[in-house]
Amino acid sequence: MGATFRICVLPGDGIGTEVTTATLAVLDAATRHAGNTKLVYESCAAGAALYRETGVAMPEESWRVAEAADAIFLGAMGLPDVRYDDGTEITPQLDLRFRFDLYAGVRPVSAKRGGMRVLNDSRADNIDFVLVRESTEGLFASCGKGEILDDREARDTMVITRQTSEQLFEFTFDYARRRKASRERPKVTLVDKANIFTSMAFFRKVFDEAAEKHSDIDVERVYVDACALDFVRRPWEFDVVVTENMFGDILSDLAAGLVGGMGFAPSADIGDQQAVFQPAHGSAPDIVGLGTANPTAAILSGAMMLDWLGRRHGVSQCLDAARLIEQAVEQVLAKRRMNAADMIDTWRTSEMTEMVIGAIG
Ligand code: ATP
């Protein structure tokens with residue numbers, strides 16, 4: 001008997017709905033081809049547009065479906081002109097991370113699964129690293145809790161806990177080992193600002209304790225400013241990079257820029273019980289409705305979902321379906337890269353989706 005997984009789908013705002021439709025079509029093609037896995041989707045309302053209409057960003061019913069689902073797929077959420085009274089944006093995607101304790105934000109960066117080569121150096125074709133961004137605390141712990149004192153002073157507080165840091169580093173070392181199973185020695189790079197902040201020195205202390213338990217893995221420690229420079233100067237030397245929430249937020253956009261932009265940046269927010277898979281980009285209101293949203297990031301996030309489900313439930317065909325999608329994306333992008341002019345932001349969502357489905361077979 002085949003495996004059936006219930007997927008809570010939150011298309012969200014802007015191009016979120018467009019890339020979600022594309023991804024579900026690809027997921028169906030891949031699972032059909034690999035066999036033995038069926039995904040049942042339950043689409044739920046959430047996002048900034050819903051908040052504008054109803055005053056609620058994520059209704060209880062959507063929370064209920066998300067809680068009961070085997071995994072959650074999210075398109076994109078937030079609109080620049082829809083905000084809470086304090087000026088911050090509506091972000092149910094952050095609420096999901098906090099509520100389900102999705103501490104590990106996994107963001108792969110791969111030239112093979114990217115667009116044009118941005119750096120003028122042939123070694124950039126070998127860019128292949130993964131950024132693991134802590135996703136429930138750090139500076140984002142202050143989300144919704146910042147203070148303004150008498151219109152004179154504003155404060156947001158960075159929070160680093162031992163428990164979450166230990167979970168994050170365990171996840172990161174295991175992930176690094178799995179990623180390099182048949183290749184050379186894995187390397188984990190810690191990114192912090194331990195020379196300035198007590199919270200970051202503590203983060204490094206907990207990392208050092210974890211590193212001692214994983215002596216088969218090389219480690220390095222880099223300050224966040226130096227890391228930003230090295231992401232541009234020698235990105236091909238990174239393997240797995242782990243960092244605090246806010247640093248990860250910034251560095252993952254920089255990393256996406258190295259391989260062609262946000263349309264090529266998949267992500268997964270993973271906890272011990274639940275996970276949310278979504279492209280790292282936002283709702284991109286500037287291109288909504290044009291049919292030019294690049295679905296690659298969302299499609300690759302869908303492949304990450306199949307990979308997570310397959311491992312968690314021991315369904316090898318689900319893992320096969322993930323590999324089919326990754327290979328199909330690589331094949332389509334390799335063909336497109338041969339025509340450099342074609343790579344300058346000329347993405348038709350439907351065309352790319354059909355090509356990936358065609359390559360799946
Ligand atoms: P957020 O803060 O929610 O992450 P953002 O303000 O960083 O969002 P995005 O919505 O990610 O912004 O868009 C940044 C730029 O990248 C915009 O010009 C947008 O059009 C472009 N962009 C984002 N995603 C895609 C995509 N899938 N395809 C093409 N262009 C995209």
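Rolling a 1.4 angstrom probe over segment 11-69 with all protein chains present gives an accessible area of which 53% lies on carbon and sulfur atoms.
Available extension along the chain between ASP208 and ARG32 is 58.9 nm, counting 0.36 nm per residue and deducting the alpha carbon span. Modelled this way, with points 7 Å down the Cα-to-C-beta line, the labels at ASP216 and SER316 are 2.2 nm from one another. Note on ARG99: accessible area approximately 110 square angstrom, rounded to 10, probe 1.4 Å, nucleic acids and ligands left out. For segment 202-212, putting each phi into the Karplus relation 6.51 cos²θ - 1.76 cosθ + 1.60 with θ = phi - 60° gives couplings of 5, 4, 5, 4, 5, 4, 4, 5, 5, 4, 4 Hz, in residue order, rounded to whole numbers and with x for Gly and Pro. Each of GLU60 and ARG6 was given a label point 7 Å from its Cα along the Cα-to-Cβ line. The distance between the two points is 1.8 nm. Based on alpha carbons, the Rg and Dmax found for the chain are 19.9, 64 Å. Dipole magnitude for the chain: computed about the Cα centre from +1 point charges on Lys and Arg Cβ and -1 point charges on Asp and Glu Cβ, it is near 1300 debye. Length gained on full extension, VAL159 to GLU53, computed as 0.36 nm times the residue gap minus the Cα-Cα distance: 34.8 nm.
In this simple spin-label model, placing a label point 7 Å from the Cα along the Cα-to-Cβ direction at both GLU42 and ILE196 gives a separation of 4.5 nm. The stretch between GLN331 and ARG177, if pulled fully straight at 0.36 nm per residue, gains 52.8 nm over its current Cα-Cα span. Sorting the segments 194-201, 4-11 by their mean number of nearby beta carbons within 10 angstrom, highest to lowest, gives 4-11, 194-201.
Sorted largest first by accessible area at a 1.4 angstrom probe radius, with every protein chain in place, the residues HIS33, HIS214 fall in the order HIS33, HIS214. Evaluated over the Cα positions of segment 119-258, the convex hull gives a direction-averaged projected area, one quarter of its surface, of 9.7 nm². Rolling a 1.4 angstrom probe over the protein heavy atoms with all chains in place gives segment 119-258 an accessible area of 49 Å² per residue.
The values are calculated or read from the model by the stated rules, or taken from the named source; none is laboratory data. Bear in mind the structure is a predicted one, so any value in this text is a computation, not a measurement. Heads up, the Cβs are rebuilt from the backbone with ideal geometry, glycines too, and the neighbour counts pull from every protein chain shown. Note: areas computed on protein heavy atoms with side chains; ligands, DNA, RNA excluded. Shrake-Rupley method; radii C 1.70, N 1.55, O 1.52, S 1.80 Å.
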